[in-house]
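Values in this text are rule-based calculations from the coordinates and carry no lab data. On a predicted model such as this, the values are computed, not experimentally measured, just so you know. All Cβ positions, glycine included, derive from the backbone under ideal geometry; neighbour counts span all protein chains shown.
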Amino acid sequence: MTKEEILNLLAEKRKLTAPVAVASKNLNQAQLVYNNAKKFLQWLINSLLIWAILVLIVNVIDSWGNPMKSAIWFILAGGIYFARLKLKIEPAKLVLDEAQYAYNVAVNDPDYIAGAQGFPQKFYNYHDIYRLYQLISEGRAMTLPEAYNLLESQQFQETQLSIQEETRALQADIANSSRVTATASTITAFNTFMNRKK
């Protein structure tokens with residue numbers, strides 16, 4: 001294949017994978033919104049429920065207490081829960097379901113499925129095809145197998161750099177924790193010494 005034929009092939013593959021990439025992005029965003037909706041005010045609901053249970057326990061122990069006090073807290077927690085359910089969670093779930101449906105339609109499109117024939121499944125996504133296109137158009141690879149190998153090498157290097165960054169962050173966190181522990185130990189030792197002097 002000539003360079004132009006390879007570029008045309010990759011451009012066609014990009015057109016086929018673009019709807020799936022868009023649908024996948026929309027699905028990820030909808031999932032994030034749905035997860036955030038489920039977490040919205042959860043701390044407040046939990047706090048109110050704990051408070052209501054504590055008030056109920058105090059009222060049971062104290063036989064002359066008024067059980068309506070805890071009922072008010074339960075009702076308040078339930079009201080916030082149902083308001084969140086109707087105003088945040090259900091609309092987010094509807095958007096998520098629509099995004100999931102759009103993604104399923106895009107993935108099951110016959111043209112998209114047919115486009116995968118004869119193309120490495122590992123690279124059959126918009127992002128990788130775009131990178132393959134760039135490698136060929138820039139002349140960094142002359143054939144598709146060369147571009148596959150170069151892209152695979154780049155992805156391996158990116159993964160290794162990501163692992164190194166995670167390791168650095170972990171080591172920095174450990175060092176910070178060690179400093180805090182050492183400081184706390186020093187203060188404890190000083191306080192113990194001062195208490196023994198007395």
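Annotations for the structure displayed:
- The chymotrypsin sites (Phe, Trp or Tyr not before Pro) of region 57-116 that meet both conditions, a loop assignment by DSSP and at most 16 other Cβ atoms within 10 Å of the site Cβ, are Trp64.
- Sites matching trypsin sites (Lys or Arg not before Pro) across region 86-147 that sit in DSSP coil, with at most 16 neighbouring C-beta atoms within 10 Å: Arg140
- The GluC sites (Glu not before Pro) found in region 82-159 that occupy coil by DSSP, while having at most 13 further C-beta atoms within 10 Å, are Glu138.
- Counting only alpha carbon atoms, the long axis of helix 126-137 and the longest principal axis of the chain meet at about 40°.
- Its Cα gyration tensor gives region 107-168 an equivalent ellipsoid. The semi-axes, each the square root of 5 times an eigenvalue, are 25, 17, 9 Å from largest down.
- Of Gln157, Leu96, Phe119, farthest towards positive along the dipole that unit charges on Lys, Arg, Asp, Glu beta carbons give region 72-171: Leu96
- Working note: Karplus 6.51/-1.76/1.60 with θ = phi - 60° gives region 156-172 the couplings 4, 5, 5, 5, 5, 5, 4, 4, 4, 5, 5, 5, 4, 5, 5, 5, 5 Hz, where Gly and Pro are set to x.
- Each pair of Cα atoms in the chain enters the Kirkwood radius, and Stokes-Einstein at 37 °C and 0.692 mPa s then converts it into a translational diffusion coefficient of 141 µm²/s.
- Zone of Lys39's modelled label, taken as backbone nitrogen in region 82-107 under 16 Å from a point 7 Å along Cα→Cβ: 89
- Which listed pairs, of Lys25/Lys86; Lys15/Lys93; Lys39/Lys93; Lys39/Lys86; Lys93/Lys122, have C-alpha distances above 21 Å, in listed order: Lys25/Lys86; Lys15/Lys93; Lys93/Lys122
- Expressed in Å, the radius of gyration and Dmax of the Cα atoms of region 126-198 are 26.1, 83.
- What the phi angles of region 186-194 give under the Karplus curve with 6.51, -1.76 and 1.60, with θ = phi - 60°, is a coupling list of 4, 5, 4, 4, 5, 5, 4, 4, 5 Hz, glycine and proline written as x.
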